[in-house]
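Colleague: The structure is given below, and queries will be raised subsequently.
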Amino acid sequence: MSVEQGSQAVHAAVGLLIEKLEQHAAVMADSDPEPLDAVTAEDAVRAAAVAYAETVMGHNGWGHPFNLQFADALEDEEGNDQDDHDVDEEPDVPDGEVSRLSVQGRWDFYVEDGRAWSEFVAERLGELGVSDCTPDLTDPGHALQVLMLHDDYTERFTIHGLRDGGVEVFAGEVERTLQEES
């Protein structure tokens, strides 16, 4: 793809994202939106945001411009809302010479039975003591993201001497899986 084509693709992808955001706003402007319409509008925005991010990544290698984590805002001791990723906060970096490892990857899964998947995630979150996160697990991508935020899937590495240096997770629907893109 030429630079010009990549630039045009980025503008087309942001146009689609804006269109989906406007449709979402139209649904959410209702004081009591229909649940199916609300979920459909949210899913469309997420899919457009992912498509935009993938287009940008393919064009110039920059990562995801959105923090689409669904984590609730934290409250400090005074009860003020705080973002999970406070830019002024210094990371907890070990003293001395350390090797830093970073893994970036993408895993694609098919959800053939959304209800069974949601039930599994709700059960696992209950086992982890965070069942308050389970009321809205109807979207498979959101369910996966909530599970990954609370379940220590890196434990198999940290028990062998790696120290967690931070995790950022995005999980959501994509138009094509990696197999389909090949």
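Colleague: So how much slack lies between Glu173 and Glu123, counting 0.36 nm per residue of separation and subtracting their Cα-Cα distance, in nm?
Modeller: Computed gain between Glu173 and Glu123 is 15.8 nm.
Colleague: Calculate, in nm to one decimal, what Asp164 and Gln5 gain on full extension: separation in residues at 0.36 nm each, minus their alpha carbon distance.
Modeller: Details: separation 159, 0.36 × 159 = 57.24 nm, distance 3.97 nm.
The Asp164-Gln5 span can extend by a further 53.3 nm.
Colleague: Right, next: For a quick check: sort Asp30, Asp151 by the number of other beta carbons within 10 angstrom, fewest at the front. Could the numbers behind the result be given before it?
Modeller: On the way: Asp30 10, Asp151 15.
Fewest to most other Cβ atoms nearby, the residues stand as Asp30, Asp151.
Colleague: Still on this structure, I have one more. Peptides 98-109, 49-60, 153-164: what's the order by average Cβ count within 10 Å, highest mean first? Don't skip to the end; give the middle numbers.
Modeller: Details: 98-109: 7.6, 49-60: 17.8, 153-164: 10.1.
Averaged packing, sorted descending, gives the order 49-60, 153-164, 98-109.
Read-outs throughout are calculated quantities, based only on the coordinates presented, and are distinct from any laboratory measurement. Quantities reported herein were computed from a predicted structural model and do not represent experimental measurements. So basically every Cβ, Gly included, is an ideal-geometry build from the backbone, and we count neighbours across all protein chains shown.
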